[in-house]
1. All but one of (1) out of contact with any helix residue (DSSP H, G or I) (no Cβ under 7 Å at 6 or more places or on another chain); (2) at pLDDT below 95; (3) not β-branched (Val, Ile, Thr) hold for LYS203, so report the exception by its number.
2. Assess whether VAL277 counts as being under 30 Å from ASP87 (Cβ atoms), outside the structural domain of ARG151 (by TED's automatic domain parsing) and in contact with a Leu (Cβ under 9 Å, 6 or more places away or on another chain).
3. Would you confirm whether any residue within the range 283-292 is among the polar types (S, T, N, Q), more than 23 Å from ILE124 (Cα to Cα) and either in the same structural domain as GLY179 (by TED's automatic domain parsing) or more than 26 Å from the chain's Cα centre (by Cα) (or both)?
4. Restricting to the range 64-115, what's the tally of residues that are under 23 Å from GLN304 (Cα atoms), of a type in the set (D, E, K, R) and in a helix (DSSP H, G or I)?
5. Show me the strands (runs of 3 or more DSSP E) found entirely inside the range 234-349 where at least 1 residues are at pLDDT 95 or above and not aromatic (Phe, Trp, Tyr).
6. Give the residue, chosen from ASP121, ASP104, ASP87, that is within 28 Å of PRO189 (Cβ to Cβ) and of a type in the set (Asp, Glu).
7. In the range 210-233, what residues are loosely packed, with under 13 Cβ neighbours inside 10 Å and either modelled with pLDDT under 95 or part of a loop (DSSP other than H, G, I, E, B) (or both)?
8. For ILE128, which of the numbered conditions (1) over 22 Å from GLU234 (Cβ atoms); (2) modelled with pLDDT under 75; (3) among the aliphatic types (A, V, I, L, M) fails to hold?
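The values are calculated or read from the model by the stated rules, or taken from the named source; none is laboratory data. The structure displayed is predicted, hence computed values, not measured ones. Ideal geometry is used to build each Cβ from the backbone, glycine not excepted, and the neighbour counts take in all protein chains shown.
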Amino acid sequence: MGQVTSKDVARLAGVSRTTVSLVLNNNPNARISEETRQNVLKAAAELNYQPNALAQSLKTKRSKIIGLVIPSITNPFFPAIAQGVEDVANEHGYNIFLCNSFRDPEKEKKYINALASKQVDGIIFTSITSSAGYIRELRKQGVAMVAFDRRINDNNVDSVLFDNIRGGEMAVEYLLGEGHKNIAFLSGPINISSRSDRLEGYKNALKKAGIALNSSYVFLDDCVEEEGRDTNYEVEIGYRLTLRLLEKHPEITAIFAVNDMTAIGALKAAKEKKVKVPEDLSLIGFDNVVLADLVDPPLTTIKQPTYKMGRAAAEILISKFKGFNVTGPKHTLLFSPELVVRGSVARIG
């Protein structure tokens, strides 16, 4: 038996193919009786009718697919965002095509260009770089795009961001309030806005407290970024940098890690060197990933509403589809930080 078509549904329901199309597409302007509508739905169900997605996309010029490009699904920060995007997409009848760039700028560019060439309706992405040359070109071609988590150098791209500067300030202010003055900052390369903003927040809090910045307390990893399928880059840099810190600066009493995975790497190094957290060394992270509450001790951190951010990115993108307007007014949503106090910071002095 061949593929069931709308013609088969129309024949079984005793109506025209146009009526079938109006019912199945839930056309709000169609003047169709409830009895006819139910007959069509019953016929479609009996025949297990599946609309031809390709034919529909050619007719509507909509693929009903959204591309989502993230650095790595292995990083616990991104699944919650992806879930938020997917939930909103499903609510509006869209499907998600997920791509992992694995922190490779060339792979990221390749994926985004490929998604655009496949004529997805729009793309949500978090970029590993701030460069936006090819993004700007795609936008000029009418590709709907929303950036999240990190700024890019294109003010005309809709963005869903987090107040990382204020979050960094809150983290250090909390450590200062607990009596810490010798506070280290741990991070990967400052080549993306989220990291550089958190470093700026670290510096701002010290300045407000009248504490001079000690540049030797700022530990930045200079290795090439890569996210393997079985390892987490952020954990590895936290581990490496903390080993260096413990050797060179035993006077440091607290660490502000750029994210929770880096903080978990720092915790691993501290335990290896028999340094007790928080008794000997306090630790605060950023993001509030699920693992932050599961490690020992549970990690004090700055919370990002990742699921809400994912939903917001999808809602902005889909709102552009309703009017088929990808070049209209731009949106920038900025979410606020929240301190989550657990057991990894001790009061001193």
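1. (2)
2. Against the criterion (under 30 Å from ASP87 (Cβ atoms), outside the structural domain of ARG151 (by TED's automatic domain parsing) and in contact with a Leu (Cβ under 9 Å, 6 or more places away or on another chain)), VAL277 does not qualify.
3. No: the range 283-292 contains no residue that is among the polar types (S, T, N, Q), more than 23 Å from ILE124 (Cα to Cα) and either in the same structural domain as GLY179 (by TED's automatic domain parsing) or more than 26 Å from the chain's Cα centre (by Cα) (or both).
4. Going through the range 64-115 one residue at a time, the tally reaches 2.
5. Result: 254-257, 282-284, 301-303, 338-340.
6. From the options ASP121, ASP104, ASP87, the qualifying one is ASP104.
7. Residues satisfying the conditions are GLY210, ALA212, LEU213, ASP222, CYS223, VAL224, GLU226, GLY228, ARG229, ASP230, THR231.
8. (1)
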